[in-house]
Every structure is written in structure tokens, then in C-alpha cells.
1. Where the convex hull is taken over the Cα atoms of region A:335-414, what is its projected area averaged over directions, in nm²?
2. Along region A:288-301, what does the Karplus equation 6.51 cos²θ - 1.76 cosθ + 1.60 (θ = phi - 60°) give for ³J(HN,Hα), rounded to whole Hz, x for Gly and Pro?
3. Pick out, in residue order, every one of the trypsin sites (Lys or Arg not before Pro) in region A:64-102 that is DSSP loop and has at most 13 other C-beta atoms within 10 Å; say none if there are none.
4. Just the projected area, averaged over all directions, of the convex hull on the alpha carbon atoms of region A:282-345: how many nm²?
5. Under 28 Å from the Cα of A:Lys201, which lysines turn up, not counting those fewer than eight places away in the same chain?
6. Compute the signed sum of charges (Lys and Arg +1, Asp and Glu -1) over the other residues within less than 13 Å, Cβ to Cβ, of A:Ala177.
7. Scan around A:His258 for amide H atoms under 5 Å from its own, H built in the peptide plane at 1.01 Å from N, and keep only partners 5 or more places away or cross-chain.
8. What three numbers, in Å, describe the spread of the alpha carbons of chain A along their principal axes, ordered from the longest?
Amino acid sequence: MFLFNLFSFLTGHVVILVTGEAPEKFVNMAASRGIHLWDISRVREGAILLRVRLSAVKPLRHIARRTRCRFKTRRRVGLPFYLAGLRRRKALVAGAVFFLSALYFLTSFIWFIEVEGNERLSENEIIAAAEEAGLSRGLPKWKLETGRLEAAIQEKLPLVAWAGIDVKGTRVTIEVAEKTVPRVEDRRPSDVVSARAGLIKEVLVFEGHPVVKEGDTVLPGQVLISGEIPPLTEPSSPGAERKPGEAPKIVRPSRYVHARGIVRARVWREGYGEVATVETGSKPTGRRKTVFSIKFEGKEIILSGKRNIPFEHYETETFVKRLPEWRNIGIPVELITVIYNEVAEYRLERSWTEAYGKAEEIALQEICEKLPRDARLLERWVEEVQTGRRDNLVRVKAVVETVEDIGTDRPINQ
Amino acid sequence: MAFRDLRRKVRKRLSELFEIPGDVMLDLPKITLVGNIQILVENHRGIIEYTPQRVRVCTGDGEVAVGGEDLILRNILPDELMVEGKIRTLSFN
């Protein structure tokens, strides 16, 4: 039935009112001549409504005359009549055609470029490489040569092992697979120097010449493991006396290496924290209202949100969006989003112990943030700092003793 | 008339012998009822009367009358006719 309805809509049909003495005769004759009639219903004595295909209306005239009936068209249904109606509304048709053709035309360009699979390379680098090879926003699709582009990207970025370009509609996805490159070892001569002052606990040399030993105190910047290996001298044979002033025989001249090693030292780190016993301030309550408005030539039109803000105290965040200017033409419309965050004032009183605990936490936190991962905590001291002033601040200094690797590389300038 | 009756008898026999359905061989109407809402008459010869309460259809074997309420002719083709509505009675004259 659905198919039949669809067909009759596409080909068009009319609802006609047949009046006469015996409309049954009319129906019989039409049916016997192969004219398809449907939805026949009687409206009153000697008058029936029926539906008939558009192409069968003409032969019905003859039948009506033969059966002494009259018929009048009541309603026209279907696509042909609709199209005829459109003929009078040329602008609408033109608009629809223009819309469809514009849509079709715009879909034949590339509007979005995406990058997938990059880890070390940034998206911008890949997009820049693609742009150099000719893939940019607004490129017509028929000018896109994926094979050549893939090759160009691979050539331009040596880190890319494979590049694939996938076009889906107006979106281009550049998929890359990066090469795994072995880490390049730094061979330039360098020293290991101290980054912090401390007491050396152990020295483990992988490469280089140790300058300090256990128990030494070092200052920041002091060389711990030297990259310069001193010349090897021939050990003087026992018994043979060396003449004073005679230079020892050099077996191997001094050379420079990239010094590597672990130098662990005891290091003291300090942290400071202060907390007020009476704290006042304001903090957001979490309630917020957003107001969107459009600004046009100094006038603000609120699109959504209330004009009056129901908060007593609030902070505002404002975001302004405007269309980019093109040549000298700027569009004087701004979209303004204002977020009103409600804030509430608060007053917090702490006892001295509470404040002290909090300050200690802050001081230790400050130290912990700077602590390297391999550091081992040995001991810690916390003490209050007395300033002599009468105020409601509790100041705390914390000292932590750790054992950590204090060496950093410093290249040797030859 | 006797000749016509004879021909009918022969045809009936033949249709029984070869198991050919009566509507093909004997020019009888084939009536399909769907509950009391739809009736399909095949092999009809045209409608005699149509009102919302009563539809009389001419067939090769006399007249079939459908009685009911709000009857409409849903479909009418040279040899097929469908009536819809509340069907109460179906009689053969």
C-alpha cells in the first residue's frame, strides 16, 4: 500500500466528485475500461467522491457523457501539481538550485586538515610540510594528488617513515608513522659539575677523571668528575731515582671525554611557609551565570541570560569573539560571553597549632616540589621563625637533609 | 436452457476431475473476507448499487450483497473489487 501511495503521489492523481442519477454505472464503465479508481465513498444520494490517476481523467469525460454523470475536480494531489505550483515561484526554485549547487561546489574543496599518529613531531610541522607540498585549506579536491603529497611529506620530514593521506568529504587526514631513531649519544667533552652545595657521600665514575672523593664538601659549580683525563706517565721503576726537574715520560697524552657518573651527596634544602591565624578573603561558591550578548556599534543585545545578576558579590570573566578582518572590511559585530562567578567572603580562625601544622605542610611541600626523583630523605627539622613582630602570622622554616645525585653536565670549551 | 445446465454440469465435473478451482473454470466469484473490515471480490461483473450501508456486486453466479456501515470502495479494477468498512452481512441472491 505504501508503494502504491508513493507511486500515485509521484504520478499525481485527482479527487473528483461524480454526480448523476447512477454513479455506480459510471464506476462500472470506468472499471470495465481498465481505469483504476480507488477510495470511492458516497457523500450523499447520487454523488460519490473518488480518486483517479491524472492520466485517466480524459477518458472519464467520455464515460461521464455516456452514463449521464458530471464530474468536478475537487482536489489535486501529487508531484506534478506541486511542480506546476513551483513554476510560478521562480525565485524559490532558483534559490533551491543555487543552494544545492553551492553546497555541491563547496564540498569539492578541502576545508579541514587533521594529523594523526604523530608523537615527536608536532602537528604544525606536518601541516607546514604538507602546505609546502601543496596541501592547504581551500584546495580543490581535483587538484589533490595524494601519492605525490605522501612522498613529499616523507621527503621533507626525515622522521616520518610513512605518510598516508585519507580524504573523507571535505576533511583530509594525514596519518604518519614515525621512525624510531636510536638516541644519539653526546660525545662532546664535558665535565660533571656540582649543581648544589653538599657533602659528598659516594662517587661512581663511568667515564672521566674523579676530582672529588668521599667526605669532600663541594660548592655549586665545582667540578666533580673531570672530562679531561690527565696524561699517563710511565711509572718510575723502583730503585731508579728520578732526577729532579726531569719531566716524567708521557706514555699517553691527555685527552678529553664526555664525563659521566653518579655523585651522591648530602644536601640541605630549605623551605618556608607562613599561615595566618585569622584568614579573611573571598572564594568562589561555584554558582555561575553566563550571559551571551551581541555588540553592534556600541549597542549590546543580550541573547541569553538575565540582565540583572542575582549575586551580591561576583567576579566576571569576559570573552570577546569577533570575525577576522578581511582587507579593510571589518564586521562591526562582536559576540561577548560574560561569565559571572559568585564569590562569598569568609573568615577563618585557626589555633596556633593548626596554623603551625599548615605552615609546616606548606614549607615541606615547597621542598618536595623541587626534589629530584632519586633523592632519599635522611632527616628533617622544622622550626618557627621568630620575627619579634606582633602579628597573626605563623612562619615556619623547614630544612630537609637528603642524599641525591648533584652532578650536571657542563661542556668543556677547548 | 437445458443445454446451458448441461454445459455447467460438464464443466463442474471437469473441474472436479482435474482439480481446477471453480473460480477459473466456472466463472465464480472468489471472495476473501478479512475479519469484518475488508472484503475482496475477484471475478466481479460490476457494481449494481453502492451506498455506505450496502454494496451489491454483480458476479457470474448472481449477485453478492455486502451490508454494514461506512462502507467504501477501496479499490476497483476490471475484475477485482475491494470494500472496506464495518461489514455486518454477506448474502448471495
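Each value in this text was obtained by applying a stated rule to the coordinates, not by laboratory testing. It should be emphasised that the depicted structure is a prediction, and the values quoted were computed from it without experimental measurement. No Cβ is skipped: glycine too gets one built from the backbone with ideal geometry, and neighbour counts run over all protein chains shown.
1. Convex hull of Cα atoms, orientation-averaged projection: 13.5 nm².
2. Rounded to whole hertz, the list is 8, 10, 10, 10, 9, 8, 10, 10, 9, 6, x, 9, 10, 10.
3. A:Arg68, A:Arg88, A:Arg89
4. 5.1
5. Excluding near neighbours in sequence, the set is A:Lys213, A:Lys370, A:Lys397.
6. Taking every Cβ under 13 Å from that of A:Ala177, the sum is -3.
7. A:Ser190
8. 151, 68, 48
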